[in-house]
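All remarks here apply to the structure that follows.
The values are calculated or read from the model by the stated rules, or taken from the named source; none is laboratory data. None of these values were measured; they are calculated from a predicted model. Cβ atoms come from the backbone with ideal geometry, glycine included; neighbour counts cover every protein chain shown.
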Amino acid sequence: MRVKLDTVPMELRRRAVRYLEAMRGTPMAPNADAMQLGEEACPIYRPDVKGIAYWELEIAGVKSVSRKGPNGNGKLRRSTSGFIIISTGRHDVPVPHFSFELEPPSRGLEAQTKEGQVAKVVKLDSLAYAAEDAKGKYLTHLGQFPPMPSGLPGVLPKELPTGSLESHPTTASKNDRRVAKQAAKRTGLKAPKPKVEPWPTWGQAKKQYASAYKLHLAALKEHAAPSWEIEDLVAKFGEGIHEGDSVVVPLLGVGKADLAGDGAKSVKMRMLDRKPPAVELLAGGANEKQEQEFQLKLTYRGGTSETLTFFVIPKGTPSNQREALPHPVPVLPPR
């Protein structure tokens, strides 16, 4: 079930370390300054997604807590790793789940079963994970197992159904102190009343997952779309560094870094003595008052490499960070 970290595609590992670096030293990652990706990863599946839907990457260098016993009951025990879940596609947000304080879901599932019994981890909801053995038999789960819904519409209505509710007194009232009995009359379409109940079997839950949660999964994909647009822009154009600012770029392992491109002469690079290994890029004064692109080439032991694109943003370039750059005082039109 669990594999070596280098089995995970490089672009997914890069996304993970970029998110971790953004949270390093912030209140979101207290006492996690030494965090780095662990040595192992676990593939996670979803019933409606073909192939691996997520990767669970362990985070070393943090102190987490886990529970023993079925459904998280039992004594607290200490663990030495957190986790970050990376989505492999647009069916979910790029990073749907992470924690620096709790152990990885796969470890939690293993703690509730016999050693070596868990063969596959399945993500069912935001915080719900199930485990099955090598034959596909259900073993246990973490979080709240999604119920089986019924009575849901197949598609969302394009227009809201119209209707009305009228109330009329059935008897006369002698004064305002006592309200007369009322009779209600409804017109128009009635709203459906969905029902939920436990799934009869694990096999049925997996088989009907896509159809049962069709609208929910479509809404999740729509919610994730803006985040993927940002990922696409970073992949196509790279990351911008304002003149005078610096950015820390973690390496995926032991290796060396080199700069290339027209904008490289405007950047100073230095290796940071820390774990995980990283380089700091300081954007200096640009000779030309326009964005200058450069590449950071990272070469690792074993022959693997990656090239990351950046660009230097000169001072005075319009930005949505109004406190960072000078902006003229707007002139209001005459009244």
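Summary table below
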{"item": "Residues being without any contact (Cβ under 8 Å) to a residue 40 or more places away in the chain and among the basic types (Lys, Arg) - total across region 112-130", "result": "1"}
{"item": "Failed condition for TYR19, given (1) under 23 Å from VAL118 (Cβ atoms); (2) part of a helix (DSSP H, G or I)", "result": "(1)"}
{"item": "Residue within region 204-220 that is part of a strand (DSSP E or B) and of a type outside the set (Phe, Trp, Tyr) present", "result": "no"}
{"item": "Residue among HIS97, HIS141, HIS91 that is surrounded by 10 or more Cβ atoms within 10 Å (Cβ to Cβ) and farther than 30 Å from ILE230 by Cβ", "result": "HIS141"}
{"item": "Residue in region 103-111 that is touching a Gly at 6+ places or on another chain (Cβ under 7 Å), in contact (Cβ under 8 Å) with a residue 60 or more places away in the chain and of a type outside the set (Val, Ile, Thr) present", "result": "no"}
{"item": "Residue check for GLY203: free of Cβ contacts under 8 Å to residues at least 40 places away in the same chain, surrounded by 11 or more Cβ atoms within 10 Å (Cβ to Cβ) and closer than 30 Å to HIS97 by Cβ", "result": "no"}
{"item": "Answer residue from region 232-244, given it is surrounded by 15 or more Cβ atoms within 10 Å (Cβ to Cβ) and of a type in the set (D, E, K, R) and is modelled with the lowest pLDDT among those", "result": "GLU243"}
{"item": "Candidates LYS289, LYS275, filtered to the one that is at pLDDT below 90, among the basic types (Lys, Arg), in a loop (DSSP other than H, G, I, E, B) and out of contact with any Pro (no Cβ under 8 Å at 6 or more places or on another chain)", "result": "LYS275"}
{"item": "Conditions (1) within 15 Å of the chain's Cα centre (by Cα); (2) outside any helix (DSSP H, G or I): number failed by LEU12", "result": "(2)"}
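Listed here are the residues, each with its yes/no results for (1) assigned to a helix (DSSP H, G or I); (2) under 31 Å from the mean Cα position of the chain (by Cα); (3) among the basic types (Lys, Arg).
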{"residue": "VAL155", "(1), (2), (3)": "no, yes, no"}
{"residue": "SER167", "(1), (2), (3)": "no, no, no"}
{"residue": "ALA180", "(1), (2), (3)": "no, no, no"}
{"residue": "LYS193", "(1), (2), (3)": "no, no, yes"}
{"residue": "ALA224", "(1), (2), (3)": "yes, yes, no"}
{"residue": "ALA235", "(1), (2), (3)": "yes, yes, no"}
{"residue": "LYS256", "(1), (2), (3)": "no, yes, yes"}
